[in-house]
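All of the numbers you see were taken from the coordinates with simple rules; none came from a lab. No experiment lies behind these values; they were computed from the predicted model shown. Note that we place each Cβ from the backbone using ideal geometry, even for glycine, and neighbour counts take in every protein chain shown.
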Amino acid sequence: MKSLPNKIKNLNHINSLVKIPKYLYFNFGSFLKNKDKIISEIQKKLKNKIIVRSASFNEDNNTSNAGKFLSIPNINLEDYKKIESSITLVFKSYGKNQKNHYVLVQEYIQNAEKVGVIFTADPRNGSPFRTINFNDSNHTELITSGKSNGKIIYYFKHVSKSKLPKKVQYIETLIKKLEAKFPKIFLDIEFLILKKNIYVLQVRKLNTKKNPFIDFKKSLNDLAKKITKMTTEKSHLIGEDRYFSTMTDWNPAEIIGLKPKPLAISLYQSLITNEVWAESRVSLGYKDVTKMPLLYSFLGTPYIDLKTDINSFLISNLSDEIQTKLLKFYFKKFKQSPHFFYDKIESNLVINCISLDKNKYIEILKNSQLKKRDREIVIKKYTDLTVNLIFKLEENINKYKHGESLFKKLKTTKNSTINKIYLIHNICKNYGTLPFANLARMGFVAVEFLNSFENLKIISSGEKKHFLETIKSVSFEMSKDLSKSKSKFLNKYGHLRPNTYEISTPSYLENYKNFFKKIKPITKRPKKFIFSNIQKNKINKLLKNNDFKKINANLLINFIENSIYERESSKLFFTKIVDELFNQLKNLFKRIGLKEKDLQYLNIKKILDLYEQYSHEDIIKDLKKDILTNKETYNFNQNFNLPNIILNKDDIYMFEEEKASPTFVTKKIISSKFININKMTKKLNLDDKIVCIENADPGYDFIFNYKINGLITAFGGPNSHMSIRCNEFSLPAAIGIGEKKFQQLVKNNSLYLNCEKKMISGV
């Protein structure tokens with residue numbers, strides 16, 4: 001027989017070192033023989049209430065079984081039957097062969113100020129980053145089970161103690177004591193705080209691999225220097241502050257993920273965030289920030305540069321004084337509530353267009369330092385920009401339609417593979433992502449106007465829902481096409497894939513059977529919503545009163561309908577080009593004898609730079625070198641955990657994960673089983689389930705072919721693709737709940753989603 005389980009041995013080992021609630025332990029055999037004696041001893045030696053914890057030898061193996069077995073808290077010491085039944089239930093949770101396994105009975109400390117769980121290293125890879133998960137309750141099991149995520153603090157193990165908040169400093173002291181007692185392993189520590197005293201409840205080995213030698217300190221210090229340089233260097237942009245975010249504007253965390261492969265991030269940069277995004281803004285009347293990249297990679301994590309981004313929403317013909325005051329105002333607001341604004345820049349922070357709800361923008365500007373006359377100028381200039389933008393709809397539709405014809409011609413021309421890749425990439429930039437960027441901006445403006453109709457009581461929330469459900473949509477067309485002909489469907493949509501920029505993810509064409517196991521019958525759509533004459537008259541009156549020249553109700557309604565549809569239609573087109581780019585890259589690698597799986601580690605710039613290089617041998621040599629370097633860098637970067645928002649260089653060493661502010665769609669309430677499809681399991685059965693997706697792009701549209709109960713995503717904002725889709729289908733959803741909350745939720749059996757009260761929890 002083994003001596004004692006590690007959970008008990010560990011407590012015995014540190015009993016004289018730290019505060020531990022009093023405890024007793026015994027095995028199942030002893031309990032059966034001496035039940036009365038053991039319970040009597042518990043009642044005699046322990047005080048107030050108790051908790052019965054699991055202490056099985058099965059928790060000692062290399063596969064973490066933490067939280068697998070039962071623990072029963074808050075048991076009254078006077079209740080003999082409850083003590084007996086609780087101990088019996090905990091033993092039963094071990095399954096067969098209980099005889100030699102143990103149970104741990106501890107005093108249950110009530111009214112704790114905080115409870116928490118500490119990981120002394122990153123559980124994914126053993127990197128030297130601490131994780132402290134707090135909860136303002138008495139139940140650590142709420143954290144370990146995923147039913148509550150509380151607050152999470154991450155910090156680099158070797159950061160100066162003085163840089164840590166005081167609430168963390170004395171916890172770090174505790175960690176150091178325990179690490180001295182267990183020098184060769186990483187630790188999983190459960191604790192509580194009562195009257196500034198820290199009590200250790202459990203200490204377990206954290207089952208993760210030792211990280212190979214990496215100079216983490218140097219890497220973080222180098223990044224800190226880079227951020228310092230970027231924040232202090234002068235540029236033609238307005239403003240002194242420079243912050244970085246993973247989910248602002250072109251929200252890379254949602255589109256390419258927090259640790260994208262080299263091909264995915266380089267393609268996203270070359271097609272959108274290096275030049276195209278800024279060219280789009282200029283063409284629509286915003287400030288010229290061309291030559292300024294929007295996205296930077298910090299140790300493999302993509303960040304949006306907020307200084308550049310917010311500058312891009314200004315208007316050049318505003319005076320420098322007004323622009324400067326606006327920028328200072330925006331950054332002040334952002335700094336006050338960064339986790340609220342970081343995925344809602346366009347909708348909640350900056351003025352970038354004017355709808356009929358003029359008072360909304362006046363109210364926003366009231367708190368700025370602008371004088372009343374200057375505020376009126378701002379409203380007037382953005383009104384003119386909005387009008388100008390509305391009249392550019394047709395131009396951008398025609399542009400991507402022209403791109404469709406160019407793309408068809410190119411596919412049939414006889415060019416070298418490298419030439420084809422170069423030309424396809426250019427068509428995608430100029431006729432795909434550029435008009436899409438413009439149409440996406442127009443789609444945002446359209447939704448702003450539609451929301452203003454509701455806010456101003458021109459239409460009800462029910463009528464708004466009816467309107468969105470019945471306007472022309474790509475998703476409805478897709479469902480209709482799917483029910484008719486497989487070949488026609490794949491010809492039109494076969495290029496789509498979850499994770500648009502990830503070449504290793506199979507497309508609909510490549511994985512049709514798994515994506516579309518069931519064909520959902522097309523439900524009859526409600527009769528098209530028609531604005532009444534009374535409603536149109538109200539709109540016309542407001543347009544006139546708010547100085548929207550040359551625009552009437554009919555034109556505005558048509559704009560709203562068409563821009564929402566064309567945003568999605570243009571996306572459908574440019575993703576088709578991306579798919580063809582992937583096909584040509586695969587052809588190239590096949591011809592030159594390189595492995596297809598290595599394509600994901602390619603930087604697209606390397607291929608584009610080879611456009612004028614004709615030596616076969618040189619191409620292979622260059623590509624092999626590039627892939628090897630990128631693969632090493634990618635694997636290296638996986639060891640670093642960085643914050644979603646960087647306000648200063650110190651944030652990379654220590655940050656607190658705040659609760660995200662999700663976008664809830666509909667006012668429905670559901671409780672259901674769920675399925676997490678990030679791993680893209682082969683057997684998909686989504687019917688009657690809440691679908692959970694970490695970052696969802698158009699490639700996940702296949703989910704709407706199933707009778708799903710709801711949708712939850714880690715990333716995404718009110719104007720994201722999935723928000724639009726869920727509005728179209730009147731599907732209850734929580735979009736952008738945050739990565740940590742997402743990971744906690746998917747540990748549960750079922751999920752409860754209350755969109756009306758904006759609540760989401762595990763069941």
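Listed values, structure above:
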item	result
Computed magnitude of the charge dipole of the chain (debye, nearest 20; Cβ of K, R +1, Cβ of D, E -1)	1740
Label corresponding to mean projected area of the Cα convex hull in nm² when calculated from the structure given, among [x] 37.2; [y] 32.6; [z] 35.1	[x]
Among LEU556, ALA446, PRO662 - extreme Cα towards positive end, dipole of the chain, charges at beta-carbon	PRO662
With Cα atoms, 0 to 90° folded angle of helix 461-470 axis to the chain main axis	70
Rounded to 10°, Cα long-axis angle of helix 80-92 versus longest principal axis of the chain	60
Candidates per trypsin sites (Lys or Arg not before Pro) in the stretch 384-450, loop by DSSP, up to 12 other Cβ within 10 Å	LYS414
Lys, Arg +1 and Asp, Glu -1 on Cβ, resulting dipole of the stretch 1-108 about Cα centre, debye, nearest 20	100
DSSP-loop trypsin sites (Lys or Arg not before Pro) across the stretch 236-317, with at most 12 other Cβ within 10 angstrom	LYS291
Fraction of antiparallel bridges per DSSP, the chain only, in percent to nearest 5	85
Given charges at beta-carbon only (K, R positive; D, E negative), |dipole| of the stretch 654-762 in Debye	380
Extended-chain gain in nm, criterion 0.36 nm per residue less alpha-carbon gap, SER761 and SER730	9.1 nm
Rounded to 10°, Cα long-axis angle of helix 616-637 versus longest principal axis of the chain	50
Tensor-based shape of the stretch 1-108 (alpha-carbon gyration tensor, a/c under 1.5 rounded, otherwise prolate or oblate)	oblate
Most to least packed among 228-236, 194-202 [average Cβ atoms within 10 Å]	194-202, 228-236
Semi-axis lengths (Å, descending) of the ellipsoid that matches the C-alpha gyration tensor of the stretch 192-306	37, 19, 16
